[in-house]
1. Given the DSSP H assignment, sum -39500 (n - 2.57) over each helix run of at least 4 residues in the chain and divide by its residue total; what's the result at 222 nm in deg cm²/dmol, nearest 500?
2. Please list M11, M1 in order of solvent-accessible area, largest first, computed with a 1.4 Å probe with all protein chains present.
3. Give the angle, between 0 and 90 degrees and rounded to the nearest 10, that separates the Cα long axis of helix 51-63 from the longest principal axis of the Cα atoms of the chain.
4. Just reorder D57, D7, D134 by solvent-accessible area, largest first, 1.4 Å probe, all chains present.
5. For S119, what charge total do you get from the other residues with a beta carbon under 15 Å from its beta carbon, if Lys and Arg give +1 and Asp and Glu give -1?
6. In square angstrom, rounded to the nearest 10, how much accessible surface does Y115 have for a 1.4 Å probe?
7. For L175, what accessible area in Å² do you get when you roll a 1.4 Å probe over the heavy atoms of the protein chains, rounding to the nearest 10?
8. Could you list the square roots of 5 times each eigenvalue of the Cα gyration tensor of segment 46-181, that is, the equivalent ellipsoid semi-axes, sorted largest first and rounded to whole Å?
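The values are calculated or read from the model by the stated rules, or taken from the named source; none is laboratory data. Nothing here was measured: the structure is a model prediction, and the numbers come from that model. Note that each Cβ is placed from the backbone with ideal geometry, even for glycine, and that neighbours are counted across all protein chains shown. Accessible surface areas use protein heavy atoms only, side chains included; no ligands, DNA or RNA. Shrake-Rupley method; radii C 1.70, N 1.55, O 1.52, S 1.80 Å.
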Amino acid sequence: MTRYLIDIRLMGPVRDQISDLSNRLREQFRLENYLVAPHITLAGPFSTSDEERLVGDFTRICSGILNVPHYELGGYGVFDDTRVVYVTVTPDETLRQFRYALSQALASYCSLRDYDLESAAEFQFHATVAMKLDWLTFQRVKWYVKKEEDVVFRHHPIRATLLRNSRILCEYDFLQERMLT
């Protein structure tokens, strides 16, 4: 089955900082088969039988954004129900509305998850540091990140990425205002 994901890839020093923390966690807690590519998920993972429509809607929504979205990274948080540890992301209103517009456009023909369908105000933006943890490891990692220095970073996303099976299908560059292939 083909899996799709729409995200904003973190780049530069913040990517390195999150990757370093993820690597330390993998070593410290012996996390197996574990790889985190620093990113902010906007939708997915999901599947669809209409890739052409997906690429068209992605292009249309991206090109309709009038301002470059902004976000800030900060401290750490957890999703207790799914045992995920993440860096908090505070989006501006443009990024909130962009993500919501994507979810609304894709909802009728893509297998979006419940959290993808949340309103612009309710969706929890985050950058995953560790996931798929057993209960005990999750408790230990939660305690470990409480002692970590916050990731403090302000950045403008340059590109929104549509991935197919973890490979880039296309990217929209907000600064150039065009789709890259």
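1. Taking each H run of at least 4 residues, the total per residue is -10000 deg cm²/dmol.
2. M1, M11
3. Helix 51-63 and the main axis of the chain meet at about 90 degrees.
4. Details: D57 20, D7 0, D134 85 Å².
My answer, sorted largest first, is D134, D57, D7.
5. -2
6. 90 Å²
7. Here the residue's solvent-accessible area equals roughly 120 Å².
8. 28, 19, 13
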